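Just below is one structure, and these are the notes that go with it.
The values are calculated or read from the model by the stated rules, or taken from the named source; none is laboratory data. Quantities reported herein were computed from a predicted structural model and do not represent experimental measurements. Positions of Cβ are backbone-derived with ideal geometry, glycine not excepted, and every protein chain shown enters the neighbour counts. Ligands, DNA and RNA are stripped out before the accessible areas are found, and what is left, the full protein with its side chains, is counted by its heavy atoms. Shrake-Rupley method; radii C 1.70, N 1.55, O 1.52, S 1.80 Å.
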Amino acid sequence: MTHALQLKNVRKAYQEKVAVKSLDLEVPKGSVFGLLGPNGAGKTTSIRMAMDIIGPDTGEVLILGQKTDKSLRNRIGYMPEERGLYQKMIIEELLVFMAELKGVKPAESKRRMMPWLERLGLGGLHRKKANELSKGMQQKVQFIQTLLHDPEILILDEPMSGLDPVGTNVMRDAMIELSRAGKTLIVSSHQMATVEQMCDRVVLINNGEKVLDGRVSDIKASYGKNTLVLAFEGDGSFLKGLPGVAAVNDHGRYAELKLGPGADPQAILKAASDRLRITKFEVVEPSLHDIFIERVTEVPA
Amino acid sequence: MSRDILVIAKREFIERVRTKAFVIGTILGPVFMAAIMIVPALMASKLAKSVSITVIDAEGSLRTLVEDSLRGGTGTPEAEKPEDPMNARPRNVGTTQFVIKPAVGADVAAQREAAKKAVLDGKLDVYVVLPQDVLKESKAEYYSKSVTDFEGIRAVDRAIEKAVFAKRIGAAGIDPAQIAALTRPLDLKRLRVSEEGEHEDKGISFFLSLILVMMIYVGTLMWGQIVMTGVIEEKSNRVVEVIVSSTTPRNLLFGKLVGVGGAGLLQFGIWILGLVGVSAASGSLAFLSGLELPALNPVLIAAFPIFFLLGFFLYASLYAAIGSAVNTIQEAQNFIFPVMLPIIMAMVCWPVVMRAPDSTLSVVLSLIPFMTPILMFLRMSVLMPPVWQIALSVVLTSLAIALVIWIAARIYRVGILMYGKPPNFPEMLRWVRHG
Ligand SMILES: Nc1ncnc2c1ncn2[C@@H]1O[C@H](COP(=O)(O)OP(=O)(O)O)[C@@H](O)[C@H]1O
Ligand SMILES: [Mg+2]
């Protein structure tokens, strides 16, 4: 089976700084793929290499099983982390221009853009100049620009950053719809929670190196249901002293308790309910965020 | 050539052409040009003084001859050819034009009195008296409030002399046909004057062709700067990353050059058309009629776009490379001077080349690609060089452009994704080597 994207042992250094160290990565066609890691992990650098914007020092990039060329690039939609539009251009002409670079005829892209503008709340603004729109609106225009040529693969670098909650929802719905339509989505994020529910597969990188790779469900399963979620009223500061509790993520009225080996959730519930009014109790899989923190602190970089 | 280049060029072209600066510049350019052409001509015609003059002829047979001569005729009625366009329009722009006022009074004494009074009243500028014995004595009198208008006096002197000579020749028994023949030198003289006029005419159109050279200089730097600003904007807008994910940095660079160069060419084209138009229309426009407007050498007009584009591509690609390496226009300032140096050198060499356009030095200088756009075009305006030299300079410059674009594209490719401290020249050279 050919993959939508493969990075084979790619490496990229800027002067002394090694941004990506021999990374291997395979994105199955039709999947929603998360490239996760903290700021400076090397996500953007990896994506730029995938887009052939920068060349890797070593290693190989394959798109749909082939070395990239112009016609392959036309099958990808790319939204960079650093967003921006030609500020003085009229939205319609801007979108036509970008689509034309991807080989779409102006009439066709004009026809396609209207439903998307409508849907993202930009209806009737297509004759406005980019600098007349708010930052959030510009970001939506950029998203439309990414998919106007109907690409098979979408590469979105930090798609949610800078969006308000409504914008985040609109963006997520659009991404889910694109995925249902059979597109391959590659999404990078440093906020794992925002994309973890959406992704089939993730690669977690830190300091340019892969930390985790696999199906989200497999990764979580391998960690077991070792997390206790409690919602409560009262002072929960004693929770971290309870036997069997390895770590606590205390949010005040809500806490995630990481259980040590052999800990009994029922015993903990009992101890907690003696001193707190419990409104919610659940044993769950750890979040990717927790798994990542654990992996990174286990193996200090 | 990639289709992307055209798509990018089209966008750049439209963006430039739509700016207010472009529209205003395009409209004001020809106005300015026309002013350059018309004002000197207009001033020349204003300087052409109109002098009213009365001829009082005591001798009795000279007046018509003198008056004709003053009017710019040949001094012999037979030779007057009013249908001749050279006579219909006074060629002596910038010199005195006489308005003949007939003498008033029954006899010479009364005429003198009337003329004197008219001069004192300011109604007449000059009157001349031709005494009865003028043919014998060769003496006449010139009266005016001031007698320092040497040019006018000389013209009057010549006119009377001409008439007197004609009469004397007639009196010597030579028939009128022979007189006409003997006045041929006056015809010859008129031809010389017209040649002089042509020479002067050439002076202004030569001046205009120097303006074209200036336009290449200013245009190259100005439109180069516009390319640089565009690159910096694209970089600070962060648009560039999307574009290089769709096409290569080289296509982007090349498309930019084509688009912006096209806008520059359009503006200059309109300017030159305006220039040519004003020249052509000058005959039919009432307020311009009577003015001698210079004509541009068509070869220069045809060569202008070529040399402008040569200069533009050469320098603008360097400007683009600079723009890609920096983050702001301020940062770019440090890099601009070295890039401008060769074209400034070309301007410095201007006088050398102008004085001796076909000297070995001039030939060599004009064949140096970075100087060709200015110096070869300058040579073409001064003294048309051999075609092979022009062709060679175009070929050499085109090769240089290919090389410079190649270098610039490598800097560009690295630079557009670089934020932070701008590189120094050695670093840029490293980009070129490893690109
Ligand atoms: N153009 C560049 N020049 C120098 N260092 C860079 C450049 N781009 C990225 N880096 C460095 O490479 C590392 C990885 O950056 P990046 O790929 O942007 O990470 P992420 O997208 O995961 O936040 C960082 O340490 C960053 O500082
Ligand atoms: Mg990033």
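The table that follows gives values for the structure above.
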read-out	value
Distance from the range A:215-248 to the range A:63-109 (C-alpha centre basis), Å	45 Å
Label-point separation in nm, B:Met345 to B:Phe207, each point 7 Å along Cα→Cβ	3.2 nm
Partner aspartates and glutamates for A:Lys70 [C-alpha distance under 18 Å; skip if fewer than 8 residues away on the same chain]	A:Asp52, A:Glu60, A:Glu100, A:Asp150, A:Glu152, B:Asp4, B:Glu241
B versus A: buried accessible surface, summed, Å² (probe 1.4 Å, to nearest 100)	2400 Å²
Cα convex hull of the range A:206-248 - mean projected area over all directions, nm²	5.0 nm²
Label-point separation in nm, A:Ser22 to A:Leu269, each point 7 Å along Cα→Cβ	4.8 nm
Stretchable slack from B:Glu161 to B:Glu427, in nm (0.36 nm times residue separation minus alpha-carbon distance)	87.6 nm
The protein assembly as shown - percent of accessible surface contributed by carbon and sulfur, probe 1.4 Å	60 percent
Rg/Rg_globular for the range A:225-284, with Rg_globular taken as 2.2 N^0.38 Å and Rg from C-alpha atoms	0.95
Amide hydrogen neighbours beyond the local backbone of A:Val245, cut-off 5 Å, H modeled	A:Gly260
Segment B:Ile174-B:Met222, length gained on full extension (0.36 nm per residue, minus Cα span)	10.2 nm
Protein-only accessible surface order, largest first, of B:Leu341, B:Leu367 at 1.4 Å	B:Leu341, B:Leu367
Evaluated at q = 0.10, 0.11 Å⁻¹: base-10 log I(q)/I(0), Debye formula over Cα of the protein assembly as shown	-1.04, -1.16
Chain A, helix-only ellipticity at 222 nm - DSSP H runs n ≥ 4, -39,500 (n - 2.57), divided by all residues, nearest 500	-10000 deg cm²/dmol
Within the range A:206-238: backbone nitrogen closer than 16 Å to the A:Ile278 label point (7 Å, Cα to C-beta)	A:226-238
Intensity falloff of chain A expressed as log10 I(q)/I(0), Debye formula with alpha-carbon point scatterers, at q = 0.07, 0.12, 0.15 Å⁻¹	-0.34, -0.86, -1.14
Burial of 20 Å² or greater, the range A:27-56 residues [accessible area, probe 1.4 Å, versus chain by itself]	A:Arg48, A:Ile53
Nonlocal amide H pairs with B:Lys101, under 5 Å, H built at 1.01 Å	B:Ile53, B:Thr54, B:Val55
Cα-based convex hull volume of the range B:100-143 per residue, rounded to whole Å³	73 Å³
With all protein chains modelled, accessible area of B:Lys139 [1.4 Å, Å²]	130 Å²
Cα-projected label distance for B:Val99 with A:Ala107, points at 7 Å along beta-carbon direction, nm	6.9 nm
Distance from the range B:329-404 to the range A:151-203 (C-alpha centre basis), Å	56 Å
Residues of type lysines that B:Lys101 reaches as a straight line, Cα spacing below 29 Å, ignoring anything fewer than 8 places off in the same chain	B:Lys46, B:Lys49, B:Lys81, B:Lys116, B:Lys117, B:Lys123, B:Lys136, B:Lys139, B:Lys145, B:Lys162, B:Lys167, B:Lys189
Solvent exposure of the protein assembly as shown as accessible area per residue, Å², 1.4 Å probe	47 Å²
